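Notes follow the structure.
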């Protein structure tokens, strides 16, 4: 009878642990959903659009794939340290996407084409984005190769962040402009854009150069057809 009671107690304890783990997982998903919704509302107010924020939100998972990919390759488990690095990584990748999108929207409102504004944003923001990413990568690389006491936690935190920054930075430089082109096109179908005169001479010069490049491209295509 004593062995039966011990077995029953162990089954009850394991069942309670599973239910607590499931409840914790559901709570984590709910917290992430609330955070994404709040970020969407903030970006919608910033861009004055309900579609452009999706260019930022849909680009972040591409960087998170790099975090879990590096952890999988190095044989690290998905622990609290890796999850902490992922949360920090979400903010850094969202900042990168916001920099590109904000610059592209500003150029588009001044009269530059959708594709030209996206290309110009990725080209101009390349240097500050790389500076931020490389600073983060070199700063956390010692954690990635840590040894001794607490090496597991340090390695998980460093690997998740470094992997996400490497893959995410390379991916966002191509993904964010592409998503901006798609959602900006849809936004202008819903509500036509109202162009504003450019007061900055640099923006005016960029718009003129974009128009000249477009005209040159059209002329070259016409000559090829002939």
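Assorted remarks:
- Per the listing 150, 158, 139, the residue uniquely within 19 Å of the chain's Cα centre (by Cα) and either modelled with pLDDT of 85 or more or farther than 22 Å from residue 56 by Cβ (or both) is 158.
- Of the residues making up the range 162-173, just one is buried (at least 21 other Cβ atoms within 10 Å of the Cβ) and either without any contact (Cβ under 8 Å) to a residue 40 or more places away in the chain or over 19 Å from residue 58 (Cα atoms) (or both), namely 162.
- Close pairs (6 angstrom Cβ cut-off, 6 or more residues apart or separate chains): more than 17 Å from residue 167 (Cβ to Cβ) in the range 71-94, crowded, with 19+ Cβ neighbours inside 10 Å anywhere: 79/156; 81/156; 81/157
- Only one entry in 125, 108 is within 23 Å of the chain's Cα centre (by Cα), farther than 30 Å from residue 76 by Cα, surrounded by 13 or more Cβ atoms within 10 Å (Cβ to Cβ) and without any contact (Cβ under 8 Å) to a residue 40 or more places away in the chain, namely 125.
- Residue in the range 29-37 that is surrounded by 19 or more Cβ atoms within 10 Å (Cβ to Cβ), free of Cβ contacts under 8 Å to residues at least 40 places away in the same chain and farther than 17 Å from residue 163 by Cα present: no
- Failed condition for residue 138, given (1) touching a residue at least 12 places away in the same chain (Cβ under 8 Å); (2) more than 24 Å from residue 77 (Cβ to Cβ); (3) surrounded by fewer than 17 Cβ atoms within 10 Å (Cβ to Cβ): (1)
- Residue that is closer than 24 Å to residue 187 by Cβ and at pLDDT below 85, where the choices are 52, 57, 39, 31: 39
The values are calculated or read from the model by the stated rules, or taken from the named source; none is laboratory data. Please read these numbers as outputs of a predicted model, since none were measured by experiment. When we count neighbours, we look across all protein chains shown, and the Cβ atoms used for this are built from the backbone with ideal geometry, even at glycine.
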